[in-house]
Every structure is written in C-alpha cells, then in structure tokens.
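In what follows, a single structure is set out as structure tokens and then discussed.
The values are calculated or read from the model by the stated rules, or taken from the named source; none is laboratory data. Keep in mind that this is a model prediction, so the values were computed, not measured. Heads up, the Cβs are rebuilt from the backbone with ideal geometry, glycines too, and the neighbour counts pull from every protein chain shown. With ligands, DNA and RNA removed, areas are computed over all heavy atoms of the protein, side chains included. Shrake-Rupley method; radii C 1.70, N 1.55, O 1.52, S 1.80 Å.
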Amino acid sequence: MGLILKYNIRNLFVRRVSTLMTLAGVAMVVAVFLVLMALAQGILSIGETTGDPLQAIILQKGTNAETSSGIPDEAADEAENVGMVERDPNGPIVARDLFIVIMLPRPDGGAPANLVVRGVTGRAFDIRPEVKVDGGKRPRGSDIIVGRPLSKRFAHLNVGDKVHFGKRDWNVIGHFDADGQAWESEVWVDLPEIQADANRKNTVSSLFVRLNRPEDLEALNEQLEKSANTKQLKAMTVRDYFKGQTGTAQMLQVVGGFITFLLSLGAGLGAMNTMYAAVGNRAREIGTLRALGFGRFTILVSFLFESALIGLAGGALGCLIALPVNGLQTGTMNWVSFTETAFSFRITPAMLGVGLGIGGLVGAVGGFLPALAAARRPILASLRAT
Amino acid sequence: MSDALAEVTGVTKDYKRDKQSIRVLEALSLTIPRGDFLALMGPSGSGKTTLLNLLAGIDQPTSGKITVDGKTITGLGEGALAKWRSRTTGFIFQLYNLIPVLTAYENVELPLLLTSLSRAERRQHVMQALDIVGLSDRSKHFPRQLSGGQEQRVAIARAIVVDPVLLLADEPTGDLDAKSADEVLTLLQRLNREFRKTIVMVTHDPKAAARATRILHLEKGQLVETAA
Ligand SMILES: Nc1ncnc2c1ncn2[C@@H]1O[C@H](COP(=O)(O)OP(=O)(O)OP(=O)(O)O)[C@@H](O)[C@H]1O
Ligand SMILES: [Mg+2]
C-alpha cells in the first residue's frame, strides 16, 4: 500500500498552511509536556541517583527528615558498632552528619532562600566517593566547600568568598560535584565547627552507612531495637529516604499530565478542523476511489493515517523544541526541609517516545471523526460533490 | 455463456428528496450484447447517469434485477460489490476524476492495488494501458501538467488497466474541445473493435453518439431505440 501512503503524504504538502498550523499546535502540546516532565524527571532523578541501593540512613524514630532528627553521641557510638555495615581498616564506615538549614541571599540580590549546611567528618567522603572536591580539599575550621550547582544559585558562594551564617564568617575554599546527587545542593562544613556554632554539641542528625547486603536492613533495624541507647533510631535505604522528599515531582507529573491533556484537546480540535476541511475538499476523490473498488475501511484508515502523520510530525517538532532544556540547571523547593535543591531538566529517550506517541495520538483522535465521515459518505454523494 | 453481457430486467429507481420520492427509472429492461458500443442519449435529468451507475454497481435499483457477465449484482453486499466493481467494470467520468497528487502512472496503478499482482506485474499492466492510450511518455506527469484530453486518456487507461469486460463512460467528451473529444472517441472505438470491450457511453453530442454501434434514447424513464 505504498501508493496510498504517498497519496496521504503528498496531500499534506498540498495544503501546506493548514498542515503546518495543525502541526505547530501539536508541537506546542508535546513541547510543554516534555518540559514539565523533564522538570519532574530532574527532581525524581535526585532521589533515584542519590546513594546506592546498599546505602542506608539512620535517623531518629518518628521523623522522616534529617532536619528534625537528633542522634546523641552515645547512641551514635553504639549504632556504629552494630555490625552489618561496610568496614575498612579504620573500622565501620559510618558518616555522622549534622544537618542545618540556613538562609542566604540570591546572586541577583533577590529575596533570600533556605539552603542546607551539612556538618561532615572525613567519613562523609568515604561513604560518598561520588563527591569530588576541586583540588581534593576538605572542610576544616572555617574553611567550607560548596556544591557547584548551588554556588550559582546563591550569593557569596564562589571560591575565595567570605560568607556569613551562624555566628561567624566562613571561607569558601572549593566547589564540588557529586554526579547530580542531592549533596550537590549542599554546603559542607567541618562537623565539630558547626556543632559548636549551632549549639548542637554531642549530637548529629543522621548516620550514613553502607550495608553488606540489601537484606541486612531488617537485621540492622532489629539490632538497633535491642539496646536502650539505639532503640530511638531506625534505618532506611537512602533511595527510599530521597524518594520521600521528591513529592514535588509526583505533583508535577499529575499537573503536567492534566495540562497536557487540556492542551491536547485544543490541538486535537485543530487536527479535526483541518481534516474535516481535507475530507470536504477531496469528496470527489474519495468517491472516485470508492467507485474504483476501494472500501470504506481503506478510506477510513487512509485519512486516519494522514491525520496521525501530522500529529507525529508535530510530536517530532515538539521534541526538537523541548530538547534544549535537557541539562538546564534550575532549583526546586524541598517541601520537607524547605531548602533549595538544585537539579537539571532531564529528558529521557522514553519521554521523547511518549511525546511522539502523544503527537500521533492527538492526530489520530482528532482525525477520527472526519475520517469516519469520509468513509461513511455514500459514493454517489461524494462523486456529485464539486 | 449467453450472448448478452449485461441484462437489465424491470429496473425501477426511486430517489428520495425532501421526503418526496421521485421515480427516475420505471420498469426498465435492456440487454447489452457482448462487444456492443452503446450510446445512451436523452434530455437532462432523464436518468442516464442513474442507469450507468446501476450498471457500474455504484448504485442499487429500488426493484428489478441487473446481471453482468453472468453475475447478478443486485442485492450484493457493499464489500462484495466493491470487489466486483474493481474487477469487472471500468468507469470514465466527465471530469476525469484523476487524483491530483498522483502521477499519471500512479493514477493508472490505483485499481491494480486491489489485485494480488506483484509490483513488476503492475508496472507491466500500467505501461501497457498507457501505451494503448498513447501516453507512455507522460507517465511521470501530474494531472495538472496534462491537457484535458490527455487527462481523459489517462482516466481511460485507469479504466482499462484491470482489463474489465464492461466500460462505462458518463459524457466522456463533455468537457473537451472538438479535437480532444475526437481523440477520445477514436480511442473508445478502438477499445471496442480491437480489444472487444463492451462500452456504454452517455452523451449529449450526436456526433459522439454516431461513433457507437447502437444508440438508445432515454426518455421519462423509458428506452427508445434508434439505428446508429
Ligand atoms: N442521489 C440523488 N438524490 C436525489 N435525486 C437524484 C439523485 N441522483 C439523481 N437524482 C435525480 O434523478 C434524476 C435523474 O438524474 P440523472 O443524473 O440520472 O440524469 P441525467 O440523465 O444523467 O442528466 P444529465 O444529462 O443532466 O447528466 C434527476 O431528476 C436528478 O435530480
Ligand atoms: Mg448525467
């Protein structure tokens, strides 16, 4: 049926203007869809890429966020030695982190926003090998390091800057990357220094460990349960922890889906309009094809195909329009800690596939009634049309 | 097999318009022998096109029976009728009805898409049909690049490409200048004589009708025979 294909494609070129306008409508829908989904995907990927399946976080019971978790040193000391976690010659690899929220101005002088300061020890780097600091620097005393994406979103976070938070000034001595993981949106400070500064001596927010095996999570929790000191703690995988923090993404997906649906209605009506005109203009052609012996079904499929083709082309254009946002940096509010998380728009091949699919679907659905009208029209009525 | 290619027996055709029924053909009977070149004349609105459409199987009579090449087509289902049309009849329209976005070659190839012929076989048939109408050199031209007479000849090639037993032409020269009309009529005559095609042609033009072997006049739904 290559000839019928040619027939439909060439007709698209005959009515260039209406084809292009319909195509542009579909392209807009697909582009909006992709940008929203890229946003959601970017947020989701923080949760999906942060930590690895074996990494676990230990928090105070009754909280699901580092912000509101407090672990006294005695409990931390004991938890460190419950076993089941990865070790090196220096003992179990356990990072004791203190999580503090501070406020800093934007680079353009805009309203200040919250961000995360993490008090860390050397172990923080052992458990997170993905964290790579320029020149291998470590926070020490008043020297601090800053996630590179974050440094662009706040003032005073460039290397060499002095920044004031807590009770004093700190020196930014380096930027770090972390493969897009959540740490990139944090300022890392020497743990004892920030404990003193924030009046939180002898306490941390969380412990990060790496399990020997995934099944060990349950055993670890049972072990914590056994001692009075650690009874107040619980462990969960880092993946699960961050998934719980990316509710914005789910909301975006729902809202994005809804917006796409509404816009699709418009684009679908556009396609319907175009196809009704096409079917009307080609009535005699349709009658002729029927007289030659082509069935109603062939006519239906042919016009559906023509409409779907516009949709697909629109979808492809939409993908092209949306593609440049891939990798674009932006920030989102973490609704648990009310801090800013930097992330990049992320367009995956699967999303492009869905975008194309939406385009084709909008075209096919919009073209359905006109195609049906073309197929149902009696031969004689079609032939008599001028 | 009988001598008659088509047999129209007691055919009545009513059209409904604005809830009113109008009788276009009344108890009409007609035998078309094999190899006939029949010209159908008559005043406007007398039902010539209607009769042609019935013979072509693109319309169904209200009552009566039509048999073509031994097959009764009245009462056939839509699908069966479409299939029958694609094999048995070739239709030539007054306004050619070529598909504008397809080349002459592709227009002629269309009916062959409904057969099981291979691409190469289709090519052979298309080129042969274009050769018969004298337009082999125009196969890559689009309808808008052809004159009216050439368009009609491409349409004739399309009508004969499946080698149907019955050709039906509704005022095939109605839109053509005298010279082009003459070429088309000569072509139809040749199809009738050389290729033994049975042809029914509706025309208003006595000169065109004179090229046929037999002329019938349709008047108020009835047939009147005249010697050619
Ligand atoms: N589909 C239809 N619905 C209603 N009336 C119709 C239909 N087709 C034809 N008629 C009517 O039937 C009558 C015969 O029409 P037909 O087209 O067969 O005439 P004709 O002899 O071919 O005329 P002409 O020489 O003008 O082409 C006319 O009165 C016409 O208006
Ligand atoms: Mg007529």
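With respect to A:T348, determine if the residue is within 14 Å of chain B (Cβ to nearest Cβ), surrounded by fewer than 24 Cβ atoms within 10 Å (Cβ to Cβ) and in contact (Cβ under 8 Å) with a residue 40 or more places away in the chain.
Answer is no for this residue.
So which residues in segment B:47-69 are more than 14 Å from chain A (Cβ to nearest Cβ) and closer than 19 Å to B:A82 by Cβ?
Of everything in segment B:47-69, those that are more than 14 Å from chain A (Cβ to nearest Cβ) and closer than 19 Å to B:A82 by Cβ turn out to be B:I66, B:T67, B:V68, B:D69.
Taking segment A:67-105, which residues are open to solvent by less than 30 Å² (accessible area, probe 1.4 Å) and among the hydroxyl-bearing types (S, T, Y)?
Within segment A:67-105, just A:S69 meets the criteria.
Test A:D143 against the stated conditions and say whether it is within 21 Å of A:D52 (Cα to Cα) and surrounded by 15 or more Cβ atoms within 10 Å (Cβ to Cβ).
No.
Which residues, counting only those in segment B:71-95, are touching a strand residue (DSSP E or B) at 6+ places or on another chain (Cβ under 9 Å), of a type outside the set (S, T, Y) and part of a loop (DSSP other than H, G, I, E, B)?
B:I73, B:G75, B:F93, B:Q94
Going through segment B:151-175 one residue at a time, which ones are open to solvent by 30 Å² or more (accessible area, probe 1.4 Å) and within 16 Å of ligand 2 (Cβ to nearest atom)?
B:E171, B:G174, B:D175
Name the residues in segment B:50-95 that are open to solvent by less than 10 Å² (accessible area, probe 1.4 Å) and on the phi > 0 side of the Ramachandran plot, would you?
B:G57
Going by the conditions given, is B:L98 open to solvent by less than 30 Å² (accessible area, probe 1.4 Å), in contact (Cβ under 8 Å) with a residue 60 or more places away in the chain and part of a loop (DSSP other than H, G, I, E, B)?
It is true that B:L98 is open to solvent by less than 30 Å² (accessible area, probe 1.4 Å), in contact (Cβ under 8 Å) with a residue 60 or more places away in the chain and part of a loop (DSSP other than H, G, I, E, B).
Just give me the residues in segment B:80-106 being small (G, A, S), over 21 Å from B:A39 (Cβ atoms) and more than 7 Å from chain A (Cβ to nearest Cβ), in sequence order.
Selection gives B:A80, B:A104.
Identify the single condition in (1) part of a helix (DSSP H, G or I); (2) surrounded by fewer than 24 Cβ atoms within 10 Å (Cβ to Cβ) that A:M275 does not satisfy, given that it satisfies every other one.
In the conditions (1) part of a helix (DSSP H, G or I); (2) surrounded by fewer than 24 Cβ atoms within 10 Å (Cβ to Cβ), A:M275 misses (2) alone.
Here's the yes/no breakdown for (1) of a type outside the set (S, T, N, Q); (2) not in a strand (DSSP E or B):
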position	(1), (2)
A:N171	no, no
A:G180	yes, yes
A:P192	yes, yes
A:A196	yes, yes
A:N221	no, yes
A:A235	yes, no
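Which ones in segment B:18-46 are open to solvent by 10 Å² or more (accessible area, probe 1.4 Å), within 16 Å of ligand 2 (Cβ to nearest atom) and either hydrophobic (A, V, I, L, M, F, W, C) or within 14 Å of chain A (Cβ to nearest Cβ) (or both)?
B:I22, B:V24, B:M41, B:G45
Pull up segment A:1-59, narrow it to residues that are outside any helix (DSSP H, G or I) and more than 30 Å from A:E184 (Cα to Cα), then point me to the one that is farthest from the other protein chains (Cβ to nearest Cβ).
Ranking the candidates gives A:R15 first.
Which residue, of A:N202, A:N281, is at pLDDT below 95, within 14 Å of another protein chain (Cβ to nearest Cβ), more than 36 Å from the chain's Cα centre (by Cα) and open to solvent by 20 Å² or more (accessible area, probe 1.4 Å)?
A:N281
Conditions: (1) within 16 Å of ligand 2 (Cβ to nearest atom); (2) in a loop (DSSP other than H, G, I, E, B). B:T49 meets all but one. Number of the miss?
(2)
So if I check each of A:G293, A:G244, A:G287, which one is surrounded by fewer than 19 Cβ atoms within 10 Å (Cβ to Cβ) and either within 14 Å of chain B (Cβ to nearest Cβ) or closer than 30 Å to A:G47 by Cα (or both)?
Unique residue meeting the criteria: A:G244.
Looking at segment B:107-144 only, could you name the residues that are polar (S, T, N, Q), away from chain A (no Cβ under 13 Å) and in contact with a helix residue (DSSP H, G or I) (Cβ under 8 Å, 6 or more places away or on another chain)?
Hits for segment B:107-144 are B:S136, B:S139.
Considering only residues of segment B:195-222 that are open to solvent by 10 Å² or more (accessible area, probe 1.4 Å) and within 16 Å of ligand 2 (Cβ to nearest atom), which is nearest to the other protein chains (Cβ to nearest Cβ)?
Per the stated criteria, the residue is B:H204.
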